[in-house]
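First up is the structure itself, then whatever we jot down about it.
The values are calculated or read from the model by the stated rules, or taken from the named source; none is laboratory data. Bear in mind that the values here come from a model prediction, so they are computed numbers and not experimental data. No Cβ is skipped: glycine too gets one built from the backbone with ideal geometry, and neighbour counts run over all protein chains shown. These accessible areas exclude ligands, DNA and RNA; they are computed on the full protein's heavy atoms, side chains included. Shrake-Rupley method; radii C 1.70, N 1.55, O 1.52, S 1.80 Å.
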Amino acid sequence: VSLSLARGQQQQPPPQQQWRQQADTPPARDSASAPLAANGRFPLALLHRALGEAAMVGDAAMLRRLLVLPGAGVNERCGLVGAPGRAPLHCAAASGRPECVSLLLKSGASVHLPADGARTPLHLAAEGGTALHAECAQLLLGFAADATATDVDGCSALDLAEAAHSRDCALILRPLMP
(Lines give C-alpha, C1' and ligand atoms only; values in the text may rest on other atoms or scores of the structure.)
Protein backbone atom coordinates (compact mmCIF):
# COMPACT_ATOMS: atom_id res chain seq x y z
CA VAL A 1 0.00 0.00 0.00
CA SER A 2 1.48 3.31 -1.02
CA LEU A 3 1.72 6.26 1.33
CA SER A 4 -0.75 8.28 -0.77
CA LEU A 5 -3.35 5.50 -0.56
CA ALA A 6 -2.79 5.18 3.19
CA ARG A 7 -3.57 8.91 3.53
CA GLY A 8 -6.73 8.50 1.46
CA GLN A 9 -5.36 10.34 -1.57
CA GLN A 10 -6.20 9.15 -5.04
CA GLN A 11 -3.26 7.59 -6.87
CA GLN A 12 -2.53 8.78 -10.43
CA PRO A 13 -2.30 6.12 -13.17
CA PRO A 14 0.99 5.62 -15.02
CA PRO A 15 1.41 8.09 -17.94
CA GLN A 16 1.00 5.37 -20.60
CA GLN A 17 -2.49 4.62 -19.26
CA GLN A 18 -3.69 8.21 -18.88
CA TRP A 19 -4.81 8.45 -22.50
CA ARG A 20 -6.91 5.31 -22.03
CA GLN A 21 -8.74 6.97 -19.17
CA GLN A 22 -9.16 10.12 -21.23
CA ALA A 23 -10.71 8.10 -24.07
CA ASP A 24 -13.10 6.35 -21.66
CA THR A 25 -14.18 9.52 -19.84
CA PRO A 26 -16.65 11.94 -21.40
CA PRO A 27 -15.33 15.48 -21.60
CA ALA A 28 -16.68 18.30 -19.48
CA ARG A 29 -19.25 20.26 -21.48
CA ASP A 30 -18.77 24.00 -21.56
CA SER A 31 -19.07 26.73 -24.14
CA ALA A 32 -15.32 26.75 -24.77
CA SER A 33 -15.00 23.01 -25.39
CA ALA A 34 -13.42 21.68 -28.56
CA PRO A 35 -15.56 20.34 -31.44
CA LEU A 36 -17.13 17.06 -30.39
CA ALA A 37 -17.42 13.83 -32.32
CA ALA A 38 -20.84 13.03 -33.78
CA ASN A 39 -21.76 11.13 -30.62
CA GLY A 40 -21.30 14.32 -28.57
CA ARG A 41 -18.95 12.51 -26.25
CA PHE A 42 -15.35 13.02 -27.33
CA PRO A 43 -13.54 16.13 -28.48
CA LEU A 44 -12.31 15.22 -31.95
CA ALA A 45 -8.73 16.25 -31.18
CA LEU A 46 -8.67 13.89 -28.19
CA LEU A 47 -10.14 11.06 -30.25
CA HIS A 48 -7.58 11.56 -33.03
CA ARG A 49 -4.73 11.72 -30.51
CA ALA A 50 -5.95 8.53 -28.83
CA LEU A 51 -6.03 6.79 -32.23
CA GLY A 52 -2.42 7.83 -32.87
CA GLU A 53 -1.26 6.77 -29.42
CA ALA A 54 -2.99 3.38 -29.64
CA ALA A 55 -1.37 2.81 -33.04
CA MET A 56 2.03 3.95 -31.79
CA VAL A 57 2.09 1.64 -28.75
CA GLY A 58 0.57 -1.29 -30.66
CA ASP A 59 -2.69 -1.48 -28.70
CA ALA A 60 -4.82 -3.06 -31.42
CA ALA A 61 -7.71 -3.76 -29.03
CA MET A 62 -7.98 -0.08 -28.08
CA LEU A 63 -7.55 0.93 -31.71
CA ARG A 64 -10.51 -1.29 -32.67
CA ARG A 65 -12.64 0.31 -29.95
CA LEU A 66 -11.72 3.81 -31.06
CA LEU A 67 -12.19 3.20 -34.78
CA VAL A 68 -15.90 2.45 -34.38
CA LEU A 69 -16.61 5.76 -32.66
CA PRO A 70 -18.30 8.45 -34.76
CA GLY A 71 -15.73 10.99 -35.92
CA ALA A 72 -12.81 8.56 -35.73
CA GLY A 73 -11.12 9.66 -38.94
CA VAL A 74 -8.58 7.03 -39.88
CA ASN A 75 -6.72 9.58 -42.04
CA GLU A 76 -6.95 12.50 -39.59
CA ARG A 77 -3.76 13.95 -38.13
CA CYS A 78 -3.10 12.79 -34.56
CA GLY A 79 -1.50 15.91 -33.18
CA LEU A 80 1.08 13.93 -31.21
CA VAL A 81 4.11 15.77 -29.91
CA GLY A 82 7.18 14.76 -31.90
CA ALA A 83 5.08 13.38 -34.76
CA PRO A 84 3.98 16.42 -36.80
CA GLY A 85 1.42 15.77 -39.48
CA ARG A 86 1.13 12.06 -38.78
CA ALA A 87 -2.05 10.01 -38.98
CA PRO A 88 -2.48 6.73 -37.06
CA LEU A 89 -1.01 4.68 -39.93
CA HIS A 90 2.20 6.75 -39.80
CA CYS A 91 2.42 6.14 -36.05
CA ALA A 92 1.93 2.38 -36.37
CA ALA A 93 4.40 2.05 -39.27
CA ALA A 94 7.07 4.17 -37.56
CA SER A 95 6.74 2.10 -34.38
CA GLY A 96 6.80 -1.27 -36.17
CA ARG A 97 3.27 -2.36 -35.21
CA PRO A 98 2.11 -4.70 -38.01
CA GLU A 99 -1.17 -5.68 -36.32
CA CYS A 100 -2.16 -2.02 -36.07
CA VAL A 101 -0.95 -1.29 -39.61
CA SER A 102 -3.12 -4.12 -40.91
CA LEU A 103 -6.16 -2.98 -38.93
CA LEU A 104 -5.80 0.61 -40.13
CA LEU A 105 -5.33 -0.43 -43.76
CA LYS A 106 -8.46 -2.59 -43.59
CA SER A 107 -10.27 0.41 -42.08
CA GLY A 108 -9.43 2.58 -45.08
CA ALA A 109 -6.21 4.35 -44.06
CA SER A 110 -4.36 5.86 -47.00
CA VAL A 111 -0.88 4.53 -47.76
CA HIS A 112 -0.20 7.69 -49.77
CA LEU A 113 -0.92 10.29 -47.06
CA PRO A 114 2.22 12.39 -46.48
CA ALA A 115 3.30 13.48 -43.02
CA ASP A 116 6.15 15.74 -41.95
CA GLY A 117 8.76 16.09 -44.67
CA ALA A 118 6.39 14.45 -47.21
CA ARG A 119 7.14 11.06 -45.69
CA THR A 120 4.59 8.34 -46.21
CA PRO A 121 3.97 5.43 -43.84
CA LEU A 122 6.29 3.35 -46.06
CA HIS A 123 9.13 5.84 -45.55
CA LEU A 124 8.66 5.62 -41.78
CA ALA A 125 8.52 1.82 -41.74
CA ALA A 126 11.58 1.57 -43.99
CA GLU A 127 13.82 3.52 -41.65
CA GLY A 128 12.75 1.51 -38.58
CA GLY A 129 15.33 -1.21 -38.88
CA THR A 130 13.56 -4.20 -37.33
CA ALA A 131 11.83 -7.26 -38.74
CA LEU A 132 8.54 -5.80 -37.48
CA HIS A 133 9.16 -2.64 -39.52
CA ALA A 134 9.82 -4.83 -42.56
CA GLU A 135 6.52 -6.62 -41.94
CA CYS A 136 4.80 -3.22 -41.82
CA ALA A 137 6.48 -2.25 -45.11
CA GLN A 138 5.27 -5.49 -46.70
CA LEU A 139 1.69 -4.79 -45.55
CA LEU A 140 1.84 -1.24 -46.93
CA LEU A 141 3.15 -2.48 -50.27
CA GLY A 142 0.30 -5.00 -50.35
CA PHE A 143 -2.07 -2.02 -50.25
CA ALA A 144 -0.28 -0.32 -53.18
CA ALA A 145 2.14 1.95 -51.33
CA ASP A 146 4.44 3.69 -53.81
CA ALA A 147 7.99 2.47 -53.23
CA THR A 148 9.33 5.14 -55.61
CA ALA A 149 7.76 8.12 -53.78
CA THR A 150 10.30 10.58 -52.42
CA ASP A 151 10.24 12.86 -49.40
CA VAL A 152 11.17 16.57 -49.43
CA ASP A 153 14.86 15.63 -49.43
CA GLY A 154 14.42 13.42 -52.51
CA CYS A 155 14.81 10.18 -50.54
CA SER A 156 12.83 7.08 -51.37
CA ALA A 157 11.86 4.48 -48.78
CA LEU A 158 14.81 2.39 -50.03
CA ASP A 159 17.21 5.31 -49.48
CA LEU A 160 15.96 5.67 -45.91
CA ALA A 161 16.15 1.91 -45.27
CA GLU A 162 19.74 1.79 -46.47
CA ALA A 163 20.72 4.87 -44.46
CA ALA A 164 19.22 3.27 -41.33
CA HIS A 165 20.91 -0.08 -42.09
CA SER A 166 17.45 -1.64 -42.29
CA ARG A 167 18.49 -4.69 -44.26
CA ASP A 168 15.10 -6.46 -44.16
CA CYS A 169 13.30 -3.42 -45.55
CA ALA A 170 15.98 -2.80 -48.15
CA LEU A 171 15.62 -6.38 -49.42
CA ILE A 172 11.87 -5.87 -49.83
CA LEU A 173 12.17 -2.46 -51.51
CA ARG A 174 15.20 -2.91 -53.81
CA PRO A 175 13.38 -5.02 -56.46
CA LEU A 176 10.60 -2.40 -56.67
CA MET A 177 12.90 0.44 -57.69
CA PRO A 178 13.44 1.38 -61.36
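Derived scalar couplings between HN and Hα for region 75-90 equal 10, 7, 5, 7, x, 7, 5, x, 9, x, x, 8, 9, x, 5, 4 Hz in order, rounded to whole Hz, by the Karplus curve 6.51 cos²θ - 1.76 cosθ + 1.60 (θ = phi - 60°), x for Gly and Pro.
Tell me, what is the FRET efficiency for residue 148 and residue 81 to the nearest 0.05, using R0 = 41 angstrom and their Cβ-Cβ distance as r?
Numbers: r = 31 Å, r/R0 = 0.76.
E(calc), rounded to 0.05, equals 0.85.
Measuring only protein heavy atoms, the 1.4 Å probe finds residue 56 accessible over about 80 Å².
For region 88-106, there are no residues whose amide N sits under 17 Å from a probe point set 7 Å from the Cα of residue 45 along the beta carbon direction.
Each of the peptides 67-79, 158-170, 89-101 was scored by the mean count of other Cβ atoms within 10 Å over its residues; in descending order, highest first, they stand as 89-101, 158-170, 67-79. In plain terms, the chain from residue 177 to residue 61 could stretch by 38.2 nm, reckoned as 0.36 nm per residue minus the Cα-Cα distance. If you take the Cα centroid of region 141-161 and the Cα centroid of region 59-102, the two points sit 20 Å apart.
Accessible surface ranking for 120, 150, 1.4 angstrom probe, highest first: 150, 120.
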